[in-house]
Structures are given as structure tokens and as C-alpha cells.
1. Picking from Arg4, Arg15, Arg39, which residue would you name as being at pLDDT 90 or above and of a type in the set (D, E, K, R)?
2. Which numbered condition trips up Ile230, out of (1) farther than 30 Å from Gly33 by Cβ; (2) surrounded by 14 or more Cβ atoms within 10 Å (Cβ to Cβ)?
3. Name the residues in region 251-285 that are within 13 Å of Ile308 (Cα to Cα) and either assigned to a helix (DSSP H, G or I) or not small (Gly, Ala, Ser) (or both), would you?
4. Can you find even one residue in region 62-80 that is among the hydroxyl-bearing types (Ser, Thr, Tyr), farther than 25 Å from Ser174 by Cα and surrounded by fewer than 16 Cβ atoms within 10 Å (Cβ to Cβ)?
5. Could you grab the pairs with beta carbons closer than 9 Å, sequence gap of 6+ or different chains, first residue in region 129-149 and more than 30 Å from Asn316 (Cβ to Cβ), second one charged (D, E, K, R) and at pLDDT 70 or above?
6. Of all residues in region 85-117, which are in a helix (DSSP H, G or I) and surrounded by 14 or more Cβ atoms within 10 Å (Cβ to Cβ)?
7. Residues to consider are Ala223, Ala238, Ala155; find the one that is part of a helix (DSSP H, G or I), surrounded by 14 or more Cβ atoms within 10 Å (Cβ to Cβ) and more than 17 Å from the chain's Cα centre (by Cα).
Amino acid sequence: MLLRQFLMEWKLYSRDRVAMFWTFLFPLLLLLGLGVIFRSRGPALTLVWSMPAQTTAADAEMERALAQTELILLKLPPVEAERRWERGETAAQIEKAGEGYRIRVNSYLTAQGQSAAQIAQQAFLIAQAKHNGMNIDTLPILMESPGHAHASNYATFLLPGLIGLNLLSMGLFSVGMVNVAYREKGKFRRLAVTPLPKWIFLAGQILHRLTVVILQSFVMLLAGWLMFGITNHGSYVALMLVLTLGTGCFMAMGFALSSFAQTTETYGAISNIFFFPMMFLSGVYFTLDAAPRWLQTAVVALPLSPYIKALRGVFNDGAPLGSHLFGLAVVLAWTFAAFGIAVKRFRWS
């Protein structure tokens with residue numbers, strides 16, 4: 001009976017082409033798109049230089065110093081540079097100010113602009129020192145992860161984040177939304193009077209979602225390996241344990257939240273209250289190292305943030321599970337709490 005229920009769940013799921021697209025194809029397209037756009041080291045920093053008609057030796061020294069940085073230097077005539085600025089296409093612009101320079105930062109693009117300005121400031125100090133006849137040595141910079149992996153590809157950072165986000169989406173929408181729809185349409189009431197044991201129905205759903213997660217994760221890992229050369233630096237046993245824990249946690253959250261809604265419209269509002277803060281604040285696409293300290297501390301209480309850190313630690317850095325015990329404990333606490341609420345509040349009608 002359990003096998004038949006499991007196969008039935010797969011048949012129902014495979015008929016929903018929209019769900020199949022969002023589960024398998026969309027995360028893959030997101031990984032490939034962002035991975036190719038930011039293939040080298042993440043979003044590139046561009047500095048526009050409003051070049052004067054006559055350049056000096058100091059300008060040449062400044063240009064050489066900027067060429068040694070990671071900035072993309074775009075040299076434009078002053079009129080064209082000003083037009084670009086007025087169109088809002090420039091994050092940071094360096095221009096002549098008397099005998100020296102000044103840097104303008106677009107207040108709407110402060111993340112890129114301030115980073116570019118800081119690098120330009122360092123280049124200016126080096127250029128000024130060399131122009132005055134001083135020899136300046138810069139500190140060597142080694143790009144590596146905490147586990148001493150030397151991959152600087154943004155896709156390497158993104159891949160575990162997308163896998164974690166997919167697990168959250170699976171739990172909240174493929175589990176929670178489906179159960180609310182079943183209750184709303186009266187399917188649970190009909191099942192309650194059939195010989196099908198309740199545990200078989202629920203176990204069939206759980207096994208189906210678990211196999212979807214395994215297949216989904218395999219597709220993402222295979223695409224990461226083929227397109228970007230991303231490989232697992234840790235134990236595959238540890239990786240499977242982390243994936244299983246995440247699946248259980250977010251499925252339990254879906255079951256728990258579904259018990260508070262009578263209609264799919266209500267559940268959509270409730271689930272989004274949890275989904276969007278975790279999607280934007282848990283480090284899926286970017287880190288929060290520039291955010292206020294209180295926010296960095298607060299998001300640790302949400303299960304997706306410590307989960308993605310543990311997943312990245314195991315996959316990207318080969319870290320043992322013991323180095324992420326606190327984060328995994330937070331995820332486990334959410335699992336038990338959500339499961340307890342789901343069991344207590346579950347109703348067939």
C-alpha cells in the first residue's frame with residue numbers, strides 16, 4: 001500500500017508541469033544564468049574616469065595604479081561621462097578637482113559605488129607615493145574559502161544556497177500548499193473513510209518529497225560540476241545527512257503552517273511571511289556582512305540561515321558536521337517544534 005501511494009504521489013506530481021518547472025528547471029536556469037554572468041568573482045566593479053583633454057604625469061601614474069586593481073576602468077570624455085552619470089548608469093566616477101581628484105558615488109548604487117571608491121582611494125595613495133619617488137609594496141591577497149578551497153567562482157557560493165532555498169520551497173509550497181488544497185477540496189474527508197491508513201498517506205507524501213529533493217539536488221550538483229567544475233569537498237555521508245535534515249525541517253514547517261489555514265489564499269499569505277524574509281536574509285544570493293550587527297545575529301534564529309552555512313561548510317569547505325553543531329541544532333529545534341505543532345493541530349477536515 002505504501003509503494004502504491006508513493007507511486008500515485010509521483011503520478012500526480014508529474015502531471016503538474018508548472019510544479020515540475022519551478023522545482024527542476026527554474027533553479028537550474030538561475031544557477032546557470034547567475035553563474036555565467038558573475039562567473040569569475042561575483043559582480044564586477046566599474047569605475048568611470050572622466051578624462052581631461054590634457055593628462056599629466058600624475059594622471060598616468062594614477063592610471064597605472066588603477067590598472068593593478070580589480071576595478072574595470074572605463075575612460076570617457078567629460079561630456080559622455082556626465083551623460084552616463086545623469087542616466088544613472090554609473091556607480092562611481094573619478095574626475096579632476098583642482099590639482100587632484102574627487103570621486104562621486106551614486107547614492108542609489110552605494111554597494112558597488114562605495115566598494116569601487118575604496119579601491120580607488122588605495123590606488124590614489126599608491127600613485128601619489130610613487131609619483132613622489134617612494135617605493136610602495138602592497139600586501140599579497142589570497143582568495144580562498146575558510147576550508148582553503150581556492151575557487152572564487154560565484155556559482156560555487158550560489159549552488160548550496162539554491163539547494164537550501166529549493167528545500168524551503170518544497171516544504172512550504174509543495175507540502176503545505178498541497179495539504180491545504182486537499183483539505184479545502186474535501187479530499188482529506190474522503191480519505192478518512194477509506195481503508196487507507198493515515199500513516200501510509202502521510203508517509204507516501206514524505207517519501208515522494210524526499211525523492212524529489214534527492215533528484216533535484218543531484219541535477220543541481222551535476223549541472224554545477226559540468227558547467228563550473230564545482231565539486232563536493234566534504235563527505236558525501238555528511239552531505240546526505242544535512243540534506244535529509246533540511247528536508248525534514250522544511251517539510252515539518254509546511255505541515256505545521258498548513259494547519260493554520262483553511263484556504264489556499266490564506267496559506268499563501270502565511271507561507272510568504274516566512275518564505276520571503278528567509279529567502280532575502282539567509283545568504284542565498286549574497287552575504288549579510290555589510291548589514292547591521294543585530295540583523296546578522298537575528299537571522300541565525302531563522303532555520304534557513306544556519307542551514308545554508310552548514311551546507312556550504314560541508315560542500316564547499318569539507319568541514320565536519322561538528323564544526324556546525326550550533327547551526328544544525330537550531331535547524332533541529334525548528335524541526336521538532338514544527339513537527340509537534342503539525343501533529344497536534346492536524347485535522348482531516
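The values are calculated or read from the model by the stated rules, or taken from the named source; none is laboratory data. Computed from a predicted structure; not experimentally measured. No Cβ is skipped: glycine too gets one built from the backbone with ideal geometry, and neighbour counts run over all protein chains shown.
1. Arg4
2. For Ile230, the exception is condition (1).
3. Passing the criteria: Met278, Met279, Phe280, Leu281, Val284, Tyr285.
4. No, region 62-80 has no match at all.
5. Short answer, once both residue conditions are applied: Lys130/Glu61; Lys130/Arg64; His131/Glu61; Ile136/Lys130.
6. Within region 85-117, Trp85, Thr110, Gln112, Gly113, Gln114, Ser115, Ala116, Ala117 qualify.
7. Ala238 is the lone residue from the list that is part of a helix (DSSP H, G or I), surrounded by 14 or more Cβ atoms within 10 Å (Cβ to Cβ) and more than 17 Å from the chain's Cα centre (by Cα).
Each row is one residue, and each column tells you yes or no for (1) closer than 18 Å to Met220 by Cβ; (2) of a type in the set (Gly, Ala, Ser); (3) without any contact (Cβ under 8 Å) to a residue 60 or more places away in the chain.
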residue	(1), (2), (3)
Gly246	yes, yes, no
Met251	no, no, no
Leu257	no, no, no
Met279	yes, no, no
Leu304	yes, no, no
Leu311	yes, no, no
Pro320	no, no, no
